[in-house]
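Peer 1: Sharing a structure, written as structure tokens. Questions coming.
The values are calculated or read from the model by the stated rules, or taken from the named source; none is laboratory data. Owing to the predicted nature of the structure, the values given are computational and were not obtained by experimental measurement. Glycine gets a Cβ as well: all are built from the backbone with ideal geometry, and neighbour counts include every protein chain shown. We work out accessible area using only protein heavy atoms, side chains counted, and drop any ligands, DNA or RNA first. Shrake-Rupley method; radii C 1.70, N 1.55, O 1.52, S 1.80 Å.
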Amino acid sequence: MNWAGIIWALAACLLLASDARAEPPKAGERYEITRSYETSMQGSDGSSSETSGTDTIIERVIAVHQSGLELEYSLSPDADAADAVRNWQFPALVLKPSGKPMQLLNSKELAARVEAWLKAARLPRAACGRWIFTWNAFRIECDPQSVLKSLEGFDLRSVELREGAVHKEDGAAAPGTLALQSNGSGGAIYKVVMDVDPDAVRLARAESDVVVGEISQKLVTLEAALRERAKERISGKMTVTFETDTAGNVLRKTRATTLETRLPDGESERETLTHTVERRRL
């Protein structure tokens, strides 16, 4: 089993996040939102690895309230019955207040679904929070509120795009300033470049080490993993690009991160991660 590839994929996922703001939609509108990532690693010793993945959900506008948008998120129509059972968090009904975090509206329904899923999978409640490996590494999640964290990675509504605006991004050492790259007949493009936060990278990698240890039954504590990762010298850049339509709706967000790591044994690694979120009206 390629644990190095799994560690990098997990660390990449733990670094992912998303931000941006669209104009208020109308009730009944539907959007397809696709999130994808590609990673690659090249070592000075000749080693290399690559990973990629894609997730798609459907957003439907239920109503537009004074307090915010009522939205329903569901799996893509391409999802099969097994996907529907495994992803018990969907459909999820949420309220998205302007400038505030989402609120889950159907938590009782999700709580009933997770109980049914645990029963079907013959898993005890004690399994909640554990990591397992089947076709992929995944955490046994049992908290209905966890869907809100999942939805953050698909959100393209939460940040105002304008020249000179301060933009924050998870994994960056400090906020950056958005710059307008172009503004033509097809829409605008904004860009910001930030330094990577080495401590955020070390934490993500250490958390991945803990997960791999749990899956392989070679347990390691987070503290021990952080001590080992502290020996790595890390630097890098993060470039975030937003593309909008003529109405200012965000169509695509691309985050490209490049990491240079000097390992304790003198070897080095160069890693790249490209994370893209695309939004398309149906």
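Peer 1: From the helices alone, meaning DSSP H stretches of at least four residues, give me the mean residue ellipticity at 222 nm for the chain, per-run term -39500 (n - 2.57), in deg cm²/dmol to the nearest 500.
Peer 2: Values: 6 runs with 66 residues, N = 282.
When only DSSP H runs of four or more count, the value is -7000 deg cm²/dmol.
Peer 1: Moving on. Just name one of LEU282, GLY46, LEU178: the one whose Cα is farthest towards the positive end of the charge dipole of the chain (beta-carbon charges, Lys/Arg +1, Asp/Glu -1).
Peer 2: It is LEU282, whose Cα lies furthest towards the positive end.
Peer 1: Hey, can you rank 112-125, 46-59, 198-211 by average C-beta count inside 10 Å, highest first? Don't skip to the answer; put the middle values down first.
Peer 2: Details: 112-125: 12.8, 46-59: 15.2, 198-211: 20.1.
Ranking the peptides 112-125, 46-59, 198-211 by packing returns 198-211, 46-59, 112-125.
Peer 1: Tell me, what is the FRET efficiency for SER52 and LEU123 to the nearest 0.05, using R0 = 25 angstrom and their Cβ-Cβ distance as r?
Peer 2: 0.30
Peer 1: Obtain the nm distance between the two label points defined at LEU219 and ARG270 by a simple spin-label model: each point lies 7 Å from its Cα along the Cα-to-C-beta direction.
Peer 2: Taking the simple label geometry, LEU219 and ARG270 are separated by 4.1 nm.
Peer 1: Rolling a 1.4 angstrom probe over the protein heavy atoms, how many square angstrom per residue are accessible across the chain? Display every interim value, and only then the final one.
Peer 2: On the way: 14890 Å² over 282 residues.
Solvent-accessible surface per residue comes out at 53 Å².
Peer 1: About the Cα centre, and with charges only on the beta carbon of Lys, Arg (+1) and Asp, Glu (-1), how big is the dipole of the chain? Nearest 20 debye, please.
Peer 2: The calculation lands at about 580 debye.
Peer 1: Additional query: Given a Förster radius of 30 Å and the C-beta distance between ALA63 and THR246 as r, what FRET efficiency does 1/(1 + (r/R0)^6) yield to the nearest 0.05? Can you show the working numbers first?
Peer 2: Details: r = 26 Å, r/R0 = 0.87.
FRET efficiency, ALA63 to THR246: 0.70.
Peer 1: Still on this model: Per the 1.4 Å probe, what fraction of the accessible area of the chain, in percent, lies on carbon and sulfur atoms?
Peer 2: 49 percent
Peer 1: Same structure, new question: Full-extension gain between GLN103 and GLU260, please, as 0.36 nm times their residue separation minus the C-alpha to C-alpha distance. It would help to have the intermediate numbers written out before the result.
Peer 2: Working: separation 157, 0.36 × 157 = 56.52 nm, distance 3.81 nm.
Full extension of this stretch gives 52.7 nm more.
Peer 1: Over 25 Å between C-alpha atoms is what I'm after, so list which of LYS100/LYS253; LYS119/LYS218; LYS100/LYS237 land there.
Peer 2: LYS119/LYS218; LYS100/LYS237
Peer 1: Something else: In whole Hz and in residue order, list the ³J(HN,Hα) couplings for region 270-282 that follow from phi through the Karplus curve 6.51 cos²θ - 1.76 cosθ + 1.60, θ = phi - 60°; x for Gly and Pro.
Peer 2: 10, 10, 10, 9, 10, 10, 10, 10, 10, 10, 9, 6, 8
Peer 1: Then there is this: With a cut-off of 19 Å, note down the residues of region 246-282 whose backbone N falls inside the zone around a label point 7 Å from the Cα of GLU232 toward its beta carbon.
Peer 2: Under cut-off, by backbone N: 256-275.
Peer 1: Still on this structure: Between (i) 147; (ii) 165; (iii) 121, which matches volume of the Cα convex hull per residue in Å³ calculated for the structure shown?
Peer 2: Computed from the coordinates, volume of the Cα convex hull per residue in Å³ corresponds to (i).
Peer 1: What is the chain's relative contact order, in percent, from Cα pairs under 8 angstrom and six or more apart in sequence?
Peer 2: Value for the chain: 23 percent.
Peer 1: In nm, give the distance between the simple-model label positions of VAL166 and ALA112, each being 7 Å from the Cα along the Cα-to-Cβ direction.
Peer 2: 4.6 nm
Peer 1: Which residues does the label zone of THR177 cover in region 232-271, counting backbone N under 20 Å from a point 7 Å along Cα→Cβ?
Peer 2: What the label zone holds, given the 20 Å backbone N cut-off, is 237-242.
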